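Below: one structure, written as structure tokens.
The values are calculated or read from the model by the stated rules, or taken from the named source; none is laboratory data. Quick caveat, the model's predicted, so the values are computed rather than measured. Cβ sites come from the backbone with ideal geometry, for glycine too, and all protein chains shown count toward neighbours. When the accessible area is computed, the model is the full protein with side chains, heavy atoms only, and any ligands, DNA or RNA have been set aside. Shrake-Rupley method; radii C 1.70, N 1.55, O 1.52, S 1.80 Å.
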Amino acid sequence: GPLIVPLTKAAYESGSSPRPRNLFSHSDQQSTWQAHAPEGASVGWGGRLGDILGSTNASRAFTAISVSGSAVWLSGRDTMQYQVGANGANGIAGIEGSLFGSTAAAGALRAIVTADSTNLIARTHAGVARRAIDAQASLAAGMLPDASLEALPRVPGSGAENPLAAQLRVVARMIGGRASLGVQRQVFFVSLGGFDTHDGQVGNQGRLL
């Protein structure tokens, strides 16, 4: 875990040295790394950077970007993280082109998820959906094309694409399209898991490193 001071077994057992809260809980220690507080924290230091940097960007939506799911590290007081996938922006399925063989059905679904409403929850949901659709369109048009970069490296021994490299590739494509996206300063989150190796450490640690 993210120790506060060097900690020996004797110091731990005697309680004479300070230690992070919930020291042996994986999720609490990950939260402590990302937000300086155990699980339940709502603001991370990457998000606080985003609060400061966001005003420099014409498109604030692309200030804090996660390529690895939701992370408290990217949550700010005003900044909301924008999540992308290995291929870039994640669109809402079924609202473009044909849905069940019908373009009318796709249009109807789009109208449903973006329609305004007098109901507060429905109106808020529609606003989020509209922002997501607009952001996805801007990102798809603005980031560098995948073909402009070299092939992804492979994981030794397995032949599979390196998952961390795939995430960093998306980051590179977004940085390459920063002028089109209207951003100057961004914060990105990527991750590589699997270090909780237990009895498989000898076989897995070298590959992970």
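Quick notes
- From phi via Karplus (6.51, -1.76, 1.60), per-residue ³J(HN,Hα) for the stretch 2-16 in Hz, x at Gly/Pro: x, 5, 7, 9, x, 10, 8, 4, 5, 5, 5, 5, 7, x, 7
- Under 5 Å from the amide H of L99 lie the amide H atoms of A105, A106, each residue being 5 or more positions distant or on a separate chain, with H modelled from the backbone and absent for Pro and chain starts.
- Net charge contributed by nearby residues that have their C-beta within less than 14 Å of D116 (K/R +1, D/E -1): +4
- Solvent exposure of the stretch 1-132 as accessible area per residue, Å², 1.4 Å probe: 61
- Efficiency of FRET between R185 and N87 - r from beta-carbon atoms, R0 35 angstrom, step 0.05: 0.90
- Surrounding net charge for D51, when Lys and Arg each add one and Asp and Glu each subtract one, Cβ distance under 13 Å: +3
- Volume in Å³ per residue [convex hull over Cα atoms, computed for the stretch 33-151]: 166
- Beta bridges per DSSP, both residues in the chain: antiparallel share near 45 percent.
- Residue-averaged 222 nm ellipticity for the chain, from DSSP H runs of 4+ at -39500 (n - 2.57), nearest 500: -12500 deg cm²/dmol
- Percent of C-alpha pairs per 5 Å bin, the stretch 129-190, short to long: 4, 17, 21, 22, 18, 10, 6, 3, 0
- With 10 Å bins beginning at zero, the pair-distance distribution over Cα atoms of the stretch 17-71 amounts to 24, 41, 25, 10, 1 %.
- Mean shadow area of the chain over all directions, Cα convex hull, nm²: 16.9
- For V187, the residues 5 or more places off, or on other chains, whose built amide H falls under 5 Å of its own are A64, I65.
- Rounded to whole Å, the principal axis extents of the Cα atoms in the stretch 83-194 read 54, 36, 30, largest first.
- Whole-percent carbon and sulfur share, accessible surface of the chain, 1.4 Å: 56
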